[in-house]
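Trainee: Below you will find the structure I want to go over with you.
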Amino acid sequence: MSIAKEPFGQDETGRRIDKITMTNKHGASVSVISFGASLQSVMVPDAQGNLGDVCLGFDTVSGYESKKNGHIGATIGRYANRIAGGKFSLNGQEYQIPTNEKGHALHGGLVGFGKKVWVYETTESSDRDFVAFYYTAHDGEEGFPGNLRTQVVYSFGDDNRLEISYIAQSDADTVVNLTNHSYFNLKGEGDVKDHLLQIVSEEIAETDDDLIPTGWMMEIADTPYDVRQLTRIGDALEKKDTHPAFQKANGFDVSYDLPGEGLRLCAVLQEPATRREMRVYTDQPAVQCYSGQGLNYWGKGGEHYGPYGGIALETQHHPDSVNHEEFPTTFLKAGDSFRSVTVYAFGTY
């Protein structure tokens, strides 16, 4: 294993942004940048041994700074996904988070963790490398209580497993929901309609027209959301007229409830032409599946990321969990530690 560091450019305030690349003995690699603690590139082999980049991203800092970039590759916090009206109550006090989507707070407010510059350190070992990013969100930042110290560790090994570990601590009671917002395309070009998707779930969080949960779980049987078995994404999309929420979203944009506890398989993604496979493991209670229907950006190498150009599988808590006692809690008590891990295991089939 080896780690290489290089300048990636400067942000709009002139701060240097670095790119850090972990490369294993097979030549596969993962690149991350210090802006947003973002995943910038994942180079893994296909069934013929040819390396290809399966992760959407940008060649410049400005691509990640853009206010409209689909949150590509970013670490999302302090609170991933939606908070209804940007409001929640904690210990009898109501908090207001800036609203940035249809009157609701999305992905941490106006300037979430994905728009911050993180400090980092690296560690090399014989079969696995580590890049640890650190950021402290101050009390009141984006309306949230408590000074929150967050660590995000990317590690990549000779087994082609990318692991993302999260640790967060606050000096006051607060709420936390962290995730990574990478989009994957195992072919490395075009769209993901021919990809096969499986999610280990029987239910999704029912939502209203603004994608805010109603508090009810909906069984996915006999709906386009049913991907309990490997299903061609394009085939699911062709059934969108059979379900009003799927039709309104024009695809997947939904939180799947994950059974069980601890680190477990939650999703499988396969691409028939290259025979690449990605298996997702997490200890989180849900995974937000977004099929990239809103993508319309120019990415790495001048590649245009159009609708369905990549799929995001964001391991996290359900949206608006702060306002739903029936969901697993996102409450973090002062002095306690939030810990989570997600694994993206790459291979072929």
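The values are calculated or read from the model by the stated rules, or taken from the named source; none is laboratory data. The model shown is predicted, which means the values in this text are computed figures rather than measured ones. Glycine also receives a Cβ, built like all others from the backbone with ideal geometry; neighbour counts cover every protein chain displayed.
Trainee: Of the conditions (1) in contact with a helix residue (DSSP H, G or I) (Cβ under 9 Å, 6 or more places away or on another chain); (2) surrounded by 22 or more Cβ atoms within 10 Å (Cβ to Cβ); (3) at negative phi, M278 fails just one. Which one is it?
Mentor: Going through (1) in contact with a helix residue (DSSP H, G or I) (Cβ under 9 Å, 6 or more places away or on another chain); (2) surrounded by 22 or more Cβ atoms within 10 Å (Cβ to Cβ); (3) at negative phi one by one, M278 breaks only (1).
Trainee: Name the residue, out of T214, T207, that is β-branched (V, I, T), at pLDDT 95 or above and exposed (fewer than 15 other Cβ atoms within 10 Å of the Cβ).
Mentor: Just one listed residue meets the conditions, T214.
Trainee: When the residues of the stretch 134-155 are filtered to those that are touching a strand residue (DSSP E or B) at 6+ places or on another chain (Cβ under 8 Å) and among the small types (G, A, S), which remaining residue is nearest to Q288 (Cα to Cα)?
Mentor: Ranking the candidates gives S155 first.
Trainee: Output the number of the condition that H26 fails; it satisfies all remaining conditions of (1) within 24 Å of P272 (Cβ to Cβ); (2) crowded, with 17+ Cβ neighbours inside 10 Å; (3) out of contact with any Gly (no Cβ under 8 Å at 6 or more places or on another chain); (4) not β-branched (V, I, T).
Mentor: (2)
Trainee: Got at least one residue in the stretch 145-154 being among the charged types (D, E, K, R) and without any contact (Cβ under 8 Å) to a residue 60 or more places away in the chain?
Mentor: Yes - at least one qualifying residue is present in the stretch 145-154.
Trainee: Which residues, counting only those in the stretch 212-261, are more than 23 Å from the chain's Cα centre (by Cα), hydrophobic (A, V, I, L, M, F, W, C) and more than 29 Å from V322 (Cβ to Cβ)?
Mentor: A221
Trainee: Would you point out which residue out of A236, A273, A267 is loosely packed, with under 14 Cβ neighbours inside 10 Å, within 22 Å of Y349 (Cβ to Cβ) and either out of contact with any Leu (no Cβ under 6 Å at 6 or more places or on another chain) or not polar (S, T, N, Q) (or both)?
Mentor: Only one candidate qualifies: A273.
Trainee: A further question follows. Working carefully through the options L265, L295, find the one that is in contact with a Pro (Cβ under 9 Å, 6 or more places away or on another chain) and among the aliphatic types (A, V, I, L, M). Please lay out each step first, then the result.
Mentor: Working: L265 fails: in contact with a Pro (Cβ under 9 Å, 6 or more places away or on another chain).
Result: L295 is the single residue among L265, L295 that is in contact with a Pro (Cβ under 9 Å, 6 or more places away or on another chain) and among the aliphatic types (A, V, I, L, M).
Trainee: Further question on the same structure: Go through (1) crowded, with 20+ Cβ neighbours inside 10 Å; (2) aliphatic (A, V, I, L, M); (3) within 20 Å of A74 (Cα to Cα) and name the single condition V341 misses.
Mentor: (1)
Trainee: Are any residues in the stretch 156-180 in contact with a strand residue (DSSP E or B) (Cβ under 6 Å, 6 or more places away or on another chain), closer than 17 Å to G347 by Cβ and surrounded by fewer than 23 Cβ atoms within 10 Å (Cβ to Cβ), and if so, which ones?
Mentor: The answer is G157, N160, R161, E163.
Trainee: So S62 ticks every box in (1) under 20 Å from R161 (Cβ atoms); (2) surrounded by fewer than 17 Cβ atoms within 10 Å (Cβ to Cβ) but one. Which box is left unticked?
Mentor: Of everything listed in (1) under 20 Å from R161 (Cβ atoms); (2) surrounded by fewer than 17 Cβ atoms within 10 Å (Cβ to Cβ), S62 misses just condition (1).
Trainee: Need at least 1 residues that are under 30 Å from G27 (Cα atoms) and among the basic types (K, R) per element, so show me which strands (runs of 3 or more DSSP E) inside the stretch 257-349 make the cut, counting only ones lying wholly within it.
Mentor: Output list reads 264-271, 276-282.
Trainee: May I pose another question? Name the pairs whose Cβ atoms lie under 6 Å apart, with the first residue in the stretch 115-135 and at positive phi and in a strand (DSSP E or B), the second modelled with pLDDT of 95 or more and β-branched (V, I, T), and 6 or more positions between them or separate chains?
Mentor: Listed pairs, sorted by first residue: none to list.
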